[in-house]
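Here's the structure, in structure tokens; my notes come after.
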Amino acid sequence: MPVPSAEFKKALARLSDKELAALLLRAVRRDAELYDTYTFELLPDVTVATVYEASADRIHELFNVAVTGRLLNRSLVKALRGAVQEAARARRVTKSKQLEIDLSMYTLRLIFENYTGQFDSVYQGFFVGTARLAVRLTNLIPKHLHEDLWLEYKPELDDFLTQLHGRKKSRELKFELPRELVLTS
């Protein structure tokens, strides 16, 4: 993304309110993420909680659509990739790393409640993607959250990691899968 030049900033300052509003409306029509960002920043009733609910609904819908697919494992991999992208998008809109972590935990909950049977499939993609998400969370939580919040995520994430380690495929992973969330002080 280019850095706005001084001439560009001066030209923007010369625009009337009506011209500026028209320009902004044209920009948000072209970019849904920009629209969501401005909606979050400008409207008082759009909060982190409402963004969480909307994103969680989209993630849930991704997995519901995946179940109707012909090749379930491939569809679940695609849904998992979409869920990770949705969590990252919500973080970019709200600038809240905790929101990304909460949505990633929601995704793991959804997977472990409904789709663990696909871990035993001959195709590894869904298991590997789920393991990568768990590893990502073990890195994100200590890096971006206050120490007091770590304990809130630890039991559930440790349970997910234990379940992943209980599968034969965990020995075939090409990356290190931790056994628990390590809390360093």
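The values are calculated or read from the model by the stated rules, or taken from the named source; none is laboratory data. Remember, predicted model here, so these are calculated numbers, not experimental data. Here Cβ is always computed from backbone atoms with ideal geometry, including for glycine, and neighbour counts include all displayed protein chains.
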What do you reckon, is residue 129 within 21 Å of residue 91 (Cα to Cα) and either outside any helix (DSSP H, G or I) or small (Gly, Ala, Ser) (or both)? yes
Scanning the range 107-125 for residues that are over 18 Å from the mean Cα position of the chain (by Cα) and aromatic (Phe, Trp, Tyr), which turns out nearest to residue 166 (Cα to Cα)? 119
Taking the range 1-38 and keeping only residues that are part of a loop (DSSP other than H, G, I, E, B) and closer than 23 Å to residue 95 by Cβ, one is left with 1, 2, 3, 4, 31
In this structure, does residue 41 turn out to be under 24 Å from residue 88 (Cβ atoms) and surrounded by 11 or more Cβ atoms within 10 Å (Cβ to Cβ)? yes
Which numbered condition residue 72 misses (of (1) modelled with pLDDT of 90 or more; (2) more than 28 Å from residue 41 (Cβ to Cβ); (3) not polar (S, T, N, Q)): (1)
Among the residues in the range 171-185, are any exposed (fewer than 15 other Cβ atoms within 10 Å of the Cβ) and in contact with a Phe, Trp or Tyr (Cβ under 6 Å, 6 or more places away or on another chain)? yes
When residues of the range 122-141 are filtered for being surrounded by 15 or more Cβ atoms within 10 Å (Cβ to Cβ), of a type in the set (Val, Ile, Thr) and over 15 Å from residue 174 (Cα atoms), how many remain? 2
